[in-house]
Amino acid sequence: MRYDSDHKGETRKRVLKEAAREIRAKGPNGVGVAGIMARAGLTHGGFYAHFESKEALIAAAIETMFESARSRFELTANDADPRLALLGYVDFYLSPQHRDSREHGCPLPALSGDLARLDPEARVRFGAGVAGLTGRLAEALGRHGIADPELAAASMLAEMVGAVTLSRAVADPAQSDAILQRAHAAVVQRFALGDGQ
């Protein structure tokens, strides 16, 4: 049976969605093609109709993750007031819900430790995603009146990613919550995101 290009495109999206979820949860080295294809409702044999290799799948899934992160940023930070937009994003990013939903959250804390060992194409797509998210933060910070918004955005993103990464790594739930709370308070204070600031 022959399928049209729309069907093939939808199938590819389904595979990428499953791959993105699996890679976030287990890391790129912890996923198997057969499992991803099965969760997408396909056979392992159909994989090569969509991707040249597992590495190509991982690179494309990373791009999919950043598209999802961009959508999340736009939903969370869609307020016309840049302070409120940034505060909404910081509230989401440094929340226990984001920490606990690794398979749906931002790819930065989920994958940063793994990317140095992946092939160049995956790292290029990851770098493009980092640049895109940094740029969106810089734009909002600039509208908020922060001097040198590009530098500020890089710093803000690094602190938030680090806080989520550390909060996921520690075993003590109270310590994990405290990491998020302290980072949240520091980001809100430094970038004047609180009420009356």
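Coordinate-derived values only; no laboratory data. This one's a predicted model, so the numbers in the text were calculated from it and none came from an experiment. Methodologically, a virtual Cβ is constructed for each residue, glycine included, from the backbone with ideal geometry; neighbour enumeration extends over all protein chains shown.
At R0 = 45 Å, how high is the FRET efficiency between Glu74 and Asn29 if r is their beta carbon distance? Nearest 0.05 is fine. Walk me through the intermediate numbers first.
Values: r = 31 Å, r/R0 = 0.69.
The value I calculate is 0.90.
Basic side chains Lys and Arg get +1 at the Cβ, acidic Asp and Glu get -1 at the Cβ, and with that the dipole of the range 5-109 about its Cα centre reaches some 300 debye. Counting only alpha carbon atoms, the long axis of helix 82-93 and the longest principal axis of the chain meet at about 60°. Distance from the C-alpha centroid of the range 145-173 to that of the range 84-133: 10 Å, rounded to the whole angstrom. Quick one: helix 120-143 against the long Cα principal axis of the chain, what's the angle to the nearest 10°, folded into 0 to 90? Long axis of 120-143 versus the principal axis of the chain: about 30 degrees. Compute the acute angle (0 to 90°) between the alpha-carbon long axis of helix 5-26 and the principal axis of greatest extent of the alpha-carbon atoms of the chain; round to the nearest 10°. Approximately 60 degrees, to the nearest ten.
For Asp6 and Thr43, FRET efficiency with R0 = 22 Å and r from the beta-carbon atoms, rounded to 0.05? The value I calculate is 0.60.
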